[in-house]
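Read the structure below first, then the notes.
Just so you know, all these numbers are worked out from the coordinates, no wet-lab data involved. Note that the coordinates shown come from a computational prediction; the quantities given were computed from them, not determined experimentally. With ideal geometry, Cβ positions are generated from the backbone for all residues, glycine too; neighbour counts draw on all protein chains shown.
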Amino acid sequence: MPNTIRIAILDDHASIIDGYKFRLSEAPDCEVVATATYGAELEPMLAQGGIDVLLLDITVPVSAEDDSTYPMVDKLPEIVRKHPGTRVLVISMHKQSYLIQHALDVGTAGFVLKDDMEVTRKLDEVIRQVNAGSIFVSEAARELIDSPNKKIITPRQLEVLNYFANDPSLSTSKVAEELHIAHSTVRNLLSTTYAKLGVRNLPAAIEEARKKGLITPQSPEHQE
């Protein structure tokens, strides 16, 4: 008998979790050992240890009391770093190429679009692949990141946006000083970020980035 792959699931839809559990119930080497529906439940679930593969939706509410979007995309690097023994497979309905690319760049085990039924029907096979160390990107997701029109927000652009999100009173000159870059560079980074997010100004960019879970309300570096 092969070793059992211990699986955890984070998704805010109970029907999705039930669907994954049903598909995996017929795989003798796959066992769903933990599930969660809110972002705040993720770290306690992972802290229990022994989870081989995490199926992760990147758009979930914070908690039952707080329905704002949990900043999952922003926290992905920390999740991967703190739990190196757990392979993180993102399964999401979002088709923004920069989200897919970011998830892969920070070390997740792959990205699957929820509406890619051909892949989700063979979920056990995908889990075996990522558990063995492979990176799995569904064909539909790969087409998006390979598109010449992809709009990837770079880590530097997110860093600048985070500064203003944490303290809206900051001037571009102050951010430039903090990052040791030119004032004009900050302005250029912001303008390209606006274009990629489809907005026209800083408040709209911050709001859109928070909706997508790209930035946190306040990063540790700027807390008093």
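Placing pseudo-labels 7 Å out from each Cα toward the beta carbon at Met117 and Asn188 gives an inter-label distance of 4.8 nm.
For the chain, what is the relative contact order in percent, using Cα pairs closer than 8 Å and at least 6 residues apart in sequence?
Details: 344 pairs, mean separation 38.8, N = 224.
Averaging sequence separation for qualifying contacts and normalising by length gives 17 percent for the chain.
Helix 202-211 and the longest principal axis of the Cα set of the chain meet at an angle near 10°.
Helix 14-25 and the longest principal axis of the Cα set of the chain meet at an angle near 40°.
Kindly provide the Kirkwood hydrodynamic radius of the stretch 155-222 in Å, to one decimal, from all pairs of distinct alpha carbon atoms. Intermediate values should be presented prior to the final figure.
Details: mean 1/r = 0.0846 Å⁻¹.
Taking every pair of different Cα atoms in the stretch 155-222, averaging 1/r and inverting gives 11.8 Å.
If R₀ is 22 angstrom, what is the calculated FRET efficiency for the pair Glu178 and Asn201, using the beta carbon separation as r and rounding to 0.05? About 0.55, to the nearest 0.05. Alpha-carbon geometry of the chain: the Rg and the Dmax are 18.5, 62 Å, given in that order.
Mean residue ellipticity at 222 nm from the helices of the chain, using -39,500 (n - 2.57) per DSSP H segment of n ≥ 4 over the full residue count, to the nearest 500 deg cm²/dmol?
Numbers: 11 runs with 104 residues, N = 224.
That calculation yields -13500 deg cm²/dmol at 222 nm.
Measure nothing but the geometry: give the 0 to 90° angle between the long axis through the Cα atoms of 155-166 and the longest principal axis through the Cα atoms of the chain, rounded to 10°. Between the helix axis and the principal axis of the chain, the angle is about 70 degrees. Ellipsoid semi-axes for the stretch 113-184, based on the Cα gyration tensor and the rule √(5λ), read 40, 14, 12 Å when sorted largest first.
Among the listed pairs Lys174/Lys211; Lys21/Lys114; Lys95/Lys196, those with a Cα-Cα distance over 21 Å are Lys174/Lys211.
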